[in-house]
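Here the structure comes first, spelled out in structure tokens, and everything after it is commentary.
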Amino acid sequence: MEADRDQPKPPEDSAELEELRARVAVLETRAPARHRPRARSFLAVLLVLVAAVLTPLSIVSTWAKNQIGDTDNYVSMMAPLASDPDVQAAVTDRVTGAVMQHLDMKTLLSDVSPADRPVLDKALSKLNGPITMGISNFVHGTVERFVSGDAFATIWTGLNRAAQSAAVKALSGSGGGAVKLTDDTVTIDLAPVIDRVKQRLVDRGLGVAAKIPEVHTDFTVLTSDSVGKAKRWFRALQIIGFWLPLVALVLAASGVLLAVRRRRALVTTALAVAAGAAVLGLAVWVGRAFYLDSLPSGVSQPAAGSVFDALVGQMRALVRMVVTLGIVVALAAWLTGDGRAAGRVMAMWSGGIGAVRDAAGFTGGPVGRWVHRARRPLNWTVVVVAAAVLVAWDRPTGLVTVWIALCALFVLAVVEFLDDDSSPHLAVPG
């Protein structure tokens, strides 16, 4: 038996043993690499989460820099309020009250001769209330007609243009100007409107209105305990308004490139960014309700709601844009993957359009063969162009977003229709 042990092994056994040793050596060298995908995946997830958290902050900083900090954008944002019925009603009531404080019966009857004053005072003692009400209605009607005209729109636009720098100063902690920040309340001085109304009253026969001194009354633009806190953040948001969205985009792209499964990471990143934007939209919607409920009794809630909507209108547009882009990118990445569900959807899409093409007897020829070879770049080009149009659109509404999506789907359908490689096009989902 011992002689058998000392007998040399066949060459085949030696070769297998050497091969096994080589495989073990390869596995031993690859063993530490098992931890690398986990580390990459963890870092990729971390970058995507940070990008999602920075998304709402990026939208707010972009809004603060481009809408509040830019004069032309600020004026275009506030100008439509001049024709808003709720704002017109609030301004009318405010100006009428300010004018009536300086119009009383004694001032109105100051031109009556002293000899006739006792008799007239006795006769009007019981009519003072109705006469005052009549004068108030007269003033209110005059103010209402002025506020609903083009002259008020011109004054309103000029007032907001001149006050834009003061609004920025107010949010950055400085006062002064036509826009003031006092006790967490942003107000606009309506003195220019009152001056024009006084002239209208004189022209309509109420000459005593010429004796009204210069009157300053405030129209509340924003009032909240959070205004004082916003002052501390506004300047910082202005500074990072350009860089923060860029940083968020770089982090999102880095997370996708670092991930082991990039297509799945792209879908996750797009949905995470869309979710971050949606959280901001929900916060604005809930904040509006809380803001209106916390207003003082003297502030018109309908007018305050219109002003709030005008101030955050571009922010809402940015939220809709980011959510739409996130969903579109995630859907495009998912459909171009090799998953079973995505394959079935694409098979139904290709099969349906292929059936229409076959029924029409269309043959693409050289164009169809070229489209077949370049179909994927063409499809991604359509998606990128649609996204670029949505980004470049000034204040895209929900209807605009739907139309852009429908146009993109139509172009994608045209690309699929032209895809003709002279092979059967009907596909059956597996």
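All of the numbers you see were taken from the coordinates with simple rules; none came from a lab. Only a predicted model underlies this, so the values are computations on that prediction, with no experimental measurement involved. Every residue, glycine as well, gets a Cβ built from its backbone with ideal geometry; the counts of neighbours run over all protein chains shown.
Legend: calculated FRET efficiency, Thr154 to Asp309, from the Cβ-Cβ distance at R0 = 25 Å, rounded to 0.05, equals 0.65. Which part of region 355-385 falls in the paramagnetic zone of Ala413, meaning amide N under 13 Å from the point 7 Å along Cα-to-beta-carbon? Zone members listed by number: 355-357.
Hey, what D do you get for region 274-430 in µm²/s if you plug the Kirkwood alpha-carbon radius into Stokes-Einstein at 10 °C and 1.306 mPa s?
On the way: Rh = 18.6 Å.
Diffusion coefficient, whole number: 85 µm²/s.
Shown here for region 321-424: chymotrypsin sites (Phe, Trp or Tyr not before Pro) in loop regions (DSSP other than H, G, I, E, B) with at most 13 other Cβ atoms within 10 Å, namely Phe362.
Segment Arg288..Ile327, full-extension length gain: 11.5 nm, with 0.36 nm per residue of separation and the alpha-carbon distance subtracted.
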